[in-house]
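For reference, the structure is listed below as C-alpha cells.
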Amino acid sequence: MASRARVRAPELIGKGGWLNTGNKDLTLSDLRGRIVVLDFWTFCCVNCLHVLDELRELEEKHRDTVVIIGVHSPKFVHEAEHQAVVDAVERYGVEHPVLDDPELATWKQYAVRAWPTLVVIDPEGYVVAQHAGEGHAHAIATLVEELEAEHEAKGTLRRGDGPYVPPEPVATDLRFPGKAVRLPGGSFLVSDTTRHQLVELAEDGERVLRRIGSGERGLTPDTFNEPQGLALLPDGKVAVADTVNHALRVFDPASGTLETVAGTGKQWWQGSPTSGPAREVALSSPWDIAWWQDRLWIAMAGVHQLWTYDPATGTVEVAAGTTNEGLVDGPAAEAWFAQPSGLAAAADRLWIADSETSAVRWVEPAEDGYVIRTAVGTGLFDFGHRDGAAGQALLQHPLGVTALPDGSVAIADTYNHALRRYDPASGEVTTLATDLREPSDAVLVDDDIVVVESARHRLTRLRLPEEAVRVEAVAHRTQRAATEVAPGALRLDVVFQAPAGQKLDTRYGPSTRLLVSATPPELLADGAGAGTDLSRELVLADGVTDGVLHVSAMAASCDDAPDIEYPACHVHQQDWGVPVTVTEDGVARLGLVLAGLDAA
C-alpha cells in the first residue's frame, strides 16, 4: 500500500459533550485498534445529510472494525444549541456516536474548511485521508479494506462491538414531521419524516386517522425514506417529495395506493441528465413541491435548483438554477440558490424558502421564461431575527412558506422558532408568533394557520391575522474564523488525489472543474470565473479588507485496472465559502482539500 503522511490525530473535544454513547465520553485512546472515520457535519447542510446516508452501508458492513464519529460543527446559532443537536441526531437516524462541538474546537484542530468533511484515522491513531464534500464513500470503503488487511497483518487491528448506544425511543403520534397539506375533506396529511410514513390527522390536527407506509426505509409500494414535501394535485391525489429516496411519489387518498412517478432512487450527480422521462432521470433530495403553472415544481435542495415535473408528458426538467450555491437573482437559468426547501404557489408567483441563504425569494413569469427575485435575505453568511424593511430584515434558515390571501407570505422561520410575514405591498417583515419549536411548514385553514412544529412533533393552530409580536432584533454572521491572507497575489490550490485504484477520467476531456467568485465581487481583481485547472492565481483588489471567497470544485475519477471492462466512475465535488481578512502578515497560498492530504 502506498505510504501516507504520518500525522497524529488531534484529540476529540467539544463543550456540548457526547451523544449516542450511553453518557460516556470517548477519547481516541478508547478507539485505538479501530479504523475511525470522523464526519464533520452540521444538520442544516443537505450535503452533510447525503453523507450520512452514504456512510450507512460502510457502517453496517464494517461494524466490527470501523467506528464512525460524527463531529457536529454548527454554522447557524441555533445549531449550537445542544437540544437542537440531540433532535437532529434522532431526526436523521444517526446510528453512531456524535461529538457536539458548538465552539468548533475539533473543527479547528483538524483544519476543516467545509461541511461535510471526512477524516480517516488508522488503528494506530494517525490521519491517513481527508475528503471534503460528498461522493467519497466508495474511496473510503476501499481504504478501509486496505487498512483492515494492513493492520490485521501487523496485529494492530482490534475487532469487536463499537461504542454506539442507541437512545431510548419516545412515544409520540408524529416524530419530526416535515410538511403538511389539507385534504379536500378537511383532514391533514403530514409527512412523518423520521418514521418514514405519511400520517392522516383529523380536522383537529391531533387525532390519527391512518398511517401510510410500513415505517421502514425503502422505495416500494409500502415504504418511504424521510419524506418531506406534499402537494395536492388537481385530480385530488397528493404528490410526495420522498427526499432520501430522491424520488417523487403520488399517493391516492381514496384507494390508498402509492406510485413512483419521478426519479430512479439514485442521487443525481454532475454530468447526469437534467431532463427527460421522469422515471429515467435521477433527482437529488427533493425537499418540497407545489402545483403551479400546470405542473409540479420541485425544490431540489440537493443541487440548489428548481425542477419541474409535467404529469401530462411524464417528464422532468431543470427550471431554474445552475447548481452553484449562493444568492444570485436574474433569469432562471442564471440564478443561484442555496438549498431551496419550501415552495408556495400564488397566482402571479411561486414563493421559495431558500434556507441556507436565510432568504425568501420568488419565481415569476417573464417574456422569455422565468425570472428569480429576492424579497428577504442577502447571502450565505448573514442571518438573525430582525423585523422591518425587507432590505434590512433577517431570517435564520427558513424551511417553509405559505401564500396568504392578501398577497403576502407567511414564513416558517425555522431556526428562529418563529412564524414571520413578508408583505410585498409595504415591503415590511413582521413576526407573527414566537416560541414555535423548529416550524417547518404551515397550512392556511380559513382564518387560522396550522403550523408544523417539527421539533415539538405536532401541528399548532394560530389565529390570523395576528398582531405582530415585538422581538429584540439580533443579527449574526457565521462564527468560523476568517483566514488571514496577504494583499495582492493569492495562490489557490484545490488538492485532489484520485483514491487508490482510481485515476482521473480524461476520456471525454478535462475531468476537473473549478469555479471561483467572491462576496463582495470587488474582493477579486482577477481570477474569478470557471476553469478546468484545480490551481489558480487570484489577485485581491486594493482597498477591500475582508470578504468571502466562494470556491466550487469537481473531479471525476474511474476505476483503474486492466481487467475491468466497464470501470465505475465517481464524481467528487464540494463548495467552499472561505471568509478571508486581508493583512500584511497573511498567507499567500490557500489550500483546500477535495480528497487526499495537503502537506503544505
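Numbers at a glance
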read-out	value
Unique residue being buried (at least 21 other Cβ atoms within 10 Å of the Cβ) and of a type in the set (A, V, I, L, M, F, W, C) when the list is 404, 399	399
Every pair of residues 6+ apart whose Cβ atoms lie under 6 Å, when the first sits in the range 332-346 and is free of Cβ contacts under 8 Å to residues at least 40 places away in the same chain while the second is surrounded by 24 or more Cβ atoms within 10 Å (Cβ to Cβ)	335/320; 335/372; 337/304; 337/354
Unique match (being farther than 22 Å from residue 134 by Cβ, small (Gly, Ala, Ser) and not in a helix (DSSP H, G or I)) among 22, 70	22
Unmet requirement for residue 518, which otherwise passes all of (1) modelled with pLDDT under 95; (2) over 19 Å from residue 594 (Cβ atoms); (3) surrounded by fewer than 20 Cβ atoms within 10 Å (Cβ to Cβ)	(3)
Filtered residue count, the range 367-389, keeping only those that are under 18 Å from residue 424 (Cβ atoms) and buried (at least 18 other Cβ atoms within 10 Å of the Cβ)	8
Answer from 371, 363, 409, 376 - the residue that is touching a Phe, Trp or Tyr at 6+ places or on another chain (Cβ under 8 Å), within 26 Å of residue 270 (Cα to Cα) and not acidic (Asp, Glu)	363
Residues that are more than 23 Å from the chain's Cα centre (by Cα) and assigned to a loop (DSSP other than H, G, I, E, B), drawn from the range 25-67	25, 26, 27, 32, 33, 34, 62, 63, 64, 65
Of the criteria (1) under 19 Å from residue 274 (Cβ atoms); (2) under 21 Å from the mean Cα position of the chain (by Cα); (3) assigned to a helix (DSSP H, G or I), which one residue 356 fails	(1)
Long-range neighbours under 9 Å by Cβ, at least six apart or interchain, first residue farther than 23 Å from residue 193 by Cα and modelled with pLDDT of 95 or more within the range 274-303, second among the basic types (Lys, Arg) and not in a strand (DSSP E or B)	292/349
Count of the range 233-272 residues which are surrounded by 13 or more Cβ atoms within 10 Å (Cβ to Cβ) and under 27 Å from residue 133 (Cα atoms)	18
Boolean, residue 117 is in contact (Cβ under 8 Å) with a residue 12 or more places away in the chain, surrounded by fewer than 16 Cβ atoms within 10 Å (Cβ to Cβ) and among the polar types (S, T, N, Q)	no
Boolean, residue 189 is at pLDDT 95 or above and either part of a helix (DSSP H, G or I) or at positive phi (or both)	no
Selected residue (criterion: farthest from the chain's Cα centre (by Cα)) from residues of the range 164-190 that are small (Gly, Ala, Ser) and over 25 Å from residue 96 (Cα atoms)	185
Selected residue (criterion: farthest from residue 571 (Cα to Cα)) from residues of the range 486-496 that are crowded, with 20+ Cβ neighbours inside 10 Å and either within 25 Å of the chain's Cα centre (by Cα) or not assigned by TED's automatic domain parsing to the domain that holds residue 548 (or both)	494
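Results for (1) surrounded by 15 or more Cβ atoms within 10 Å (Cβ to Cβ); (2) over 24 Å from residue 199 (Cβ atoms), shown as yes or no for each residue.
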{"position": "452", "(1), (2)": "yes, no"}
{"position": "455", "(1), (2)": "yes, no"}
{"position": "461", "(1), (2)": "no, no"}
{"position": "472", "(1), (2)": "no, yes"}
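Yes/no per residue for (1) exposed (fewer than 15 other Cβ atoms within 10 Å of the Cβ); (2) in contact (Cβ under 8 Å) with a residue 24 or more places away in the chain:
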| position | (1), (2) |
| --- | --- |
| 133 | no, yes |
| 139 | no, yes |
| 165 | yes, yes |
| 217 | no, yes |
| 220 | yes, no |
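Residue-by-condition table, conditions (1) within 30 Å of residue 397 (Cβ to Cβ); (2) modelled with pLDDT under 95:
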position: 80; (1), (2): yes, no
position: 90; (1), (2): yes, no
position: 125; (1), (2): no, no
position: 133; (1), (2): yes, yes
position: 145; (1), (2): no, no
position: 149; (1), (2): no, no
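The values are calculated or read from the model by the stated rules, or taken from the named source; none is laboratory data. Computed from a prediction, not measured in an experiment: that's the story for all the values here. Methodologically, a virtual Cβ is constructed for each residue, glycine included, from the backbone with ideal geometry; neighbour enumeration extends over all protein chains shown.
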